[in-house]
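The values are calculated or read from the model by the stated rules, or taken from the named source; none is laboratory data. For clarity, every value in this text was computed on a predicted model and none was experimentally measured. Every residue, glycine among them, receives a Cβ derived from its backbone with ideal geometry; neighbour counts consider all protein chains shown. The protein model used for the area step is the full one, side chains on, heavy atoms only, and it has no ligands, DNA or RNA in it. Shrake-Rupley method; radii C 1.70, N 1.55, O 1.52, S 1.80 Å.
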Amino acid sequence: MQMLSALLLILMFLPVMISMAFMPYLTRETVSFGVSVSEDNYRSEPLRRLRKTYASISLTINAILFILCIYSSVQSKDGLEQNTALGIYISIMVAASIALNLIFHFKMKKLRSSLPSAPAAKSVLAVDTGFRRNKLILSNYWFLIHAAVIAASTLIVLVNYDKIPSTIAMKFDFQGEVINSAAKSYWTVLSPNLMQIVMTLIFLFINWSILRSKQQIYAGDPERSIRQNTLFRRRWSLFTIVSGFAMVLLLSFIQLNMMHPMDTGVILSVSIAIPAFVVLFAVTLSFNTGQGGSRISRRPAGSKVQPVDDDSHWKLGSIYFNPQDPSIFVEKRAGIGWTMNFAHPAGWIVLAGVAIAIVASLVFSG
């Protein structure tokens, strides 16, 4: 069982480790480590070396941490030790990634002053007034399928309530052993349904925010940029709907185990395989699409249009703070996806709402 859990951990975390190392290659080609640059400079030799150095250091650090985590997982005597090792690994991996990004952000700021500039280059802001009329996301009506599964799961549990054992396994470790159980009650058997509702609402909100996020069009080739950004949004909308549905199915599987206890190997395999599928889906999409669709039909070099320099609004290259911008959601500079305008009051309301939803999910699972 220990070898199986180690194999599943490799399947889930190895793609994340690789994507973190190569993230500088997935950003828009007008941004390097959170700093605005021209496309020509992005493709210049100094910045190529900087990205290679970052990838090498990131892969080395994460590989060492990952090997130690797998070794600890295999050698651990019980599930508690294994979970502790995994928690420590994730915490150190995240801290190392943040520190490395900050180091290279400041390196990039120093390097930019020495990069060649084109006197004839000009900075242009492009806006497509008809952008919102494009089909930017998949319809939120797809979440009705999620709702149907939740309703069916709830009904099946209620109908079979008397057949459920008096003691229910609630949590398992990475060896498939029960680490938390609870007495049967309507609260415990229906808590996965409550989590399904909360998660579905979060995914629905994410899909809506993809639609409402600020458009970002490259003035050097606006038509291509619009196509890229439209496909970028559609693909991540698809990911949001599919991954949300996968997590709903996982919670329904947990309820099925309440009614008909299964082999621990089956429980472990399904419980990690579904999140691993979501991770692999996200990583594949990141490499195929890039931030803002930058890896879809890439432009040839030689553009004479400079990107709009709004570095002053990006704190540490990743936190957007612009009181003059009415947008709530904007594209990330570090990573794939969207972030918030932390100068907008509504952004803090959104952040509070997400925090409450996460806490609620933890309470329901508790």
Only one of 24, 46, 15 is in contact with a Lys or Arg (Cβ under 8 Å, 6 or more places away or on another chain) and part of a helix (DSSP H, G or I), namely 24
Residue within the stretch 353-362 that is on the phi > 0 side of the Ramachandran plot, at pLDDT below 90 and not aromatic (Phe, Trp, Tyr) present
no
So, first residue closer than 21 Å to residue 38 by Cβ in the stretch 206-230, second residue polar (S, T, N, Q) and open to solvent by less than 20 Å² (accessible area, probe 1.4 Å), Cβ within less than 6 Å, six or more apart or across chains; the pairs are 217/225; 218/225
Residue 208 fails exactly one of (1) modelled with pLDDT under 90; (2) in a helix (DSSP H, G or I); (3) not aliphatic (A, V, I, L, M), namely (1)
Can you confirm whether the stretch 337-351 contains a residue that is open to solvent by less than 30 Å² (accessible area, probe 1.4 Å), part of a loop (DSSP other than H, G, I, E, B), closer than 28 Å to residue 197 by Cβ and at pLDDT 90 or above?
-> yes
Residue set 327, 286; condition touching a Leu at 6+ places or on another chain (Cβ under 7 Å) and either in a loop (DSSP other than H, G, I, E, B) or at pLDDT 90 or above (or both); output residue 286
Practice item. Tell me, yes or no, whether the stretch 305-315 has at least one residue that is open to solvent by less than 30 Å² (accessible area, probe 1.4 Å), assigned to a loop (DSSP other than H, G, I, E, B) and either in contact with a Cys (Cβ under 9 Å, 6 or more places away or on another chain) or modelled with pLDDT under 90 (or both). Key: yes
With the first residue restricted to the stretch 276-290 and required to be more than 21 Å from residue 9 (Cβ to Cβ), and the second required to be hydrophobic (A, V, I, L, M, F, W, C) and in a helix (DSSP H, G or I), Cβ contacts under 6 Å at 6 or more apart or on different chains are 285/239; 289/232
